[in-house]
Amino acid sequence: SRASSSDPPLIAAQPPSRLPPATMTRRSGSLGGSALRAAAAAAAAGCCGCAAVGVDKHEIKVSGWPDMASKVPLSTGIISGSTIFASGMAGYDMKTMKLVPGGIQNETKQALSLIKQIVEAGGSDMAHVSDCHVYLKDIRDFSAMNEVYGDFFPKPRPTRVAFEVPSLAGPAAVEIQCFASLPAATRAEVVVPGWPDMTAKYPFSSAITAGHAIFVSGFPGVDMHAGKLVEGGVEAETKQSLANIREVLLAAGSDESHIVNCAVYLKDIADFAAVNGAYRAFFGKPFPARVAMQVGALAGGASVEIQCSAVLPEAGPPKQIVVPGWPDMSGKLPFSSGIAANGFLFASGLAGFDMQTMKLVPGGVQNQTRKTLESLQEVVRAGGASMDDVVACAVYLQDMKDFAAMNEVYKTFFTKPAPARVATQVAGLIAGASVEIQCTVAIEVSPPMDGSQVVIV
């Protein structure tokens with residue numbers, strides 16, 4: 001089913017090579033005419049920019065929408081290769097910039113209508129959305145949100161994670177961020193043999209493949225055969241969550257060695273060490289990139305939920321990004337600073353730590369934001385890219401009151417078009433940090449390399 005006729009008018013889908021200048025903006029200097037044609041051909045082939053010279057990054061603009069970049073340092077959408085990155089959208093009327101009345105269901109409907117307009121302006125449609133993140137101000141709205149959410153996506157629906165956060169920007173009750181693929185990219189649902197079909201009860205797929213990418217839904221520690229949360233506490237739940245992810249990847253034709261990025265959502269940050277013990281035992285080196293935080297609440301009373309993305313073996317092995325001069329953190333924390341795979345660099349969530357002393361910098365949220373983005377810049381450069389190549393970021397704040405102060409610093413690190421972005425308050429960050437930022441970066445696709453480590457001095 002589709003949104004009703006009362007929704008705002010939608011922009012007709014157009015292939016990216018025929019989008020008018022007002023709809024898609026090329027980053028100045030990133031691609032010449034022949035390279036742009038090569039990138040479009042590669043994207044049409046579902047090849048994530050593999051024929052491109054330089055980095056393929058374009059801004060998506062929706063006709064009739066105000067220029068939000070003048071107020072908030074983000075693009076409504078970015079397209080790179082065959083992937084569309086939409087910014088987080090809440091239930092605002094884009095003409096009046098006021099929240100729609102009527103509560104959670106109307107806000108969900110409006111947020112997804114906006115996502116739909118972005119995706120269609122990027123030359124795709126809701127049938128090609130691969131993955132979504134749903135941030136709820138109150139987990140009790142989960143069922144009401146689901147009733148509306150499912151109507152926007154034909155089966156197989158995208159993967160998803162949904163959880164409660166203490167606060168969103170403004171008075172919104174829900175914010176949704178989605179990623180999509182261009183229609184030419186091969187997209188398929190991953191079905192795990194022996195698992196019950198949950199799609200009739202919940203409006204998401206366990207996993208979706210899009211091109212060489214694999215998107216996996218967030219999994220709590222539920223035994224998928226028994227349909228119950230495992231007993232034994234957070235460590236047992238972590239083991240079960242990761243076992244579920246392994247089953248999904250095997251069904252997709254991949255495995256945990258091809259995981260590039262994970263997000264760990266905790267009900268209580270005090271469980272961080274216990275989760276890390278089980279998490280470390282699951283992965284071999286190099287560890288995936290990762291972000292971890294305490295959220296307001298998880299669905300079903302779980303203590304932990306983990307969401308990962310991976311690549312098919314045809315994409316080649318993921319490459320670890322090592323920043324010269326940084327200490328080897330993998331001995332203490334089971335993640336890599338960054339992982340390069342399938343035309344993207346996945347940077348781990350970073351906070352305002354001095355990477356030599358491993359202490360938070362003093363001076364509050366602005367100094368921490370600056371240090372966080374300086375560290376991100378080092379990871380990006382170690383991967384052979386620049387901050388101009390960042391396509392999407394997630395900003396997690398300890399206090400939403402710091403939103404404006406964070407933005408003042410954040411905007412100085414990015415030229416236009418700024419990355420797509422979502423920003424929320426979370427219930428807790430590691431070591432009392434005020435802000436943590438995780439980003440995805442477009443990189444040039446090079447021939448497969450031997451080994452699993454990239455060190456660029």
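The values are calculated or read from the model by the stated rules, or taken from the named source; none is laboratory data. Everything quoted here is computed from the prediction, not taken from an experiment. Quick reminder, even Gly has a Cβ in these numbers, built from the backbone with ideal geometry, and neighbours come from all protein chains shown. SASA here: full protein model, heavy atoms, side chains in, ligands and nucleic acids out. Shrake-Rupley method; radii C 1.70, N 1.55, O 1.52, S 1.80 Å.
For the range 224-277, a residue qualifies if it is more than 29 Å from Val441 (Cβ to Cβ) and acidic (Asp, Glu), and the qualifying residues are Glu231, Glu235, Glu237, Glu247, Asp268, Asp271. Taking residues in the range 131-142 that are within 23 Å of Glu189 (Cβ to Cβ) and in contact (Cβ under 8 Å) with a residue 12 or more places away in the chain, and partners anywhere that are of a type outside the set (Asp, Glu) and assigned to a helix (DSSP H, G or I), the pairs with Cβ atoms closer than 7 Å and at least 6 places apart or on different chains are Val134/Met145; Phe142/Ala299. The one condition from (1) part of a helix (DSSP H, G or I); (2) buried (at least 20 other Cβ atoms within 10 Å of the Cβ) that Pro286 does not meet is (1). Would you check if there is a residue in the range 134-154 being modelled with pLDDT of 95 or more, open to solvent by 40 Å² or more (accessible area, probe 1.4 Å) and farther than 20 Å from Asn106 by Cα? No, that holds for no residue. Residues that are closer than 14 Å to Ala351 by Cβ and either open to solvent by less than 10 Å² (accessible area, probe 1.4 Å) or touching a residue at least 40 places away in the same chain (Cβ under 8 Å) (or both) within the range 327-339 comprise Leu333, Phe335, Ser337, listed in sequence order. For the range 221-242, a residue qualifies if it is in a loop (DSSP other than H, G, I, E, B) and free of Cβ contacts under 8 Å to residues at least 24 places away in the same chain, and the qualifying residues are Ala226, Val230, Glu231, Gly232. Got a sec? Which of Ala315, Ala310, Ala251 is among the small types (Gly, Ala, Ser) and either surrounded by fewer than 20 Cβ atoms within 10 Å (Cβ to Cβ) or under 19 Å from Ala427 (Cα atoms) (or both)? Matching residue, one of Ala315, Ala310, Ala251: Ala251. For Val191, the criteria (1) open to solvent by 10 Å² or more (accessible area, probe 1.4 Å); (2) among the hydrophobic types (A, V, I, L, M, F, W, C); (3) in contact with a strand residue (DSSP E or B) (Cβ under 6 Å, 6 or more places away or on another chain) hold in every case but one, which is (3). Applying the condition of being β-branched (Val, Ile, Thr) and out of contact with any His (no Cβ under 9 Å at 6 or more places or on another chain) to the range 71-98 and asking which residue is nearest to Glu444 (Cα to Cα) yields Thr83.
Results for (1) part of a loop (DSSP other than H, G, I, E, B); (2) surrounded by 24 or more Cβ atoms within 10 Å (Cβ to Cβ), shown as yes or no for each residue.
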| residue | (1), (2) |
| --- | --- |
| Gly363 | yes, no |
| Gln368 | no, yes |
| Glu374 | no, no |
| Glu378 | no, no |
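Is it the case, given these coordinates, that Phe346 is part of a loop (DSSP other than H, G, I, E, B), in contact (Cβ under 8 Å) with a residue 12 or more places away in the chain and closer than 26 Å to Cys132 by Cβ? For Phe346, the condition - part of a loop (DSSP other than H, G, I, E, B), in contact (Cβ under 8 Å) with a residue 12 or more places away in the chain and closer than 26 Å to Cys132 by Cβ - is not met. Of all residues in the range 243-257, those that are over 14 Å from Pro193 (Cα atoms) have Cβ atoms under 8 Å from Cβ atoms of residues that are β-branched (Val, Ile, Thr), 6 or more apart or on another chain, in Ser254/Ile214; Ser254/Val311; Glu256/Ile245. Regarding Ile176, is this residue crowded, with 24+ Cβ neighbours inside 10 Å and either among the acidic types (Asp, Glu) or under 18 Å from Ala90 (Cα atoms) (or both)? So Ile176 fits the description; yes. Across the range 143-186, the number of residues qualifying as of a type in the set (D, E, K, R) and touching a residue at least 60 places away in the same chain (Cβ under 8 Å) comes to 3. Among the conditions (1) open to solvent by 50 Å² or more (accessible area, probe 1.4 Å); (2) assigned to a helix (DSSP H, G or I), Asp271 misses just one, which is (1).
Residues in the range 63-88 that are open to solvent by 10 Å² or more (accessible area, probe 1.4 Å) and within 26 Å of Val148 (Cβ to Cβ): Ser63, Gly64, Trp65, Pro66, Met68, Val72, Leu74, Thr76, Thr83, Phe85, Gly88. Within the range 80-100, the residues that satisfy the criterion of being over 21 Å from Phe204 (Cβ atoms) and not in a loop (DSSP other than H, G, I, E, B) are Ser80, Tyr92, Asp93, Lys98, Leu99.
The single condition among (1) over 17 Å from Ser130 (Cα atoms); (2) surrounded by fewer than 23 Cβ atoms within 10 Å (Cβ to Cβ) that Thr238 does not satisfy is (2).
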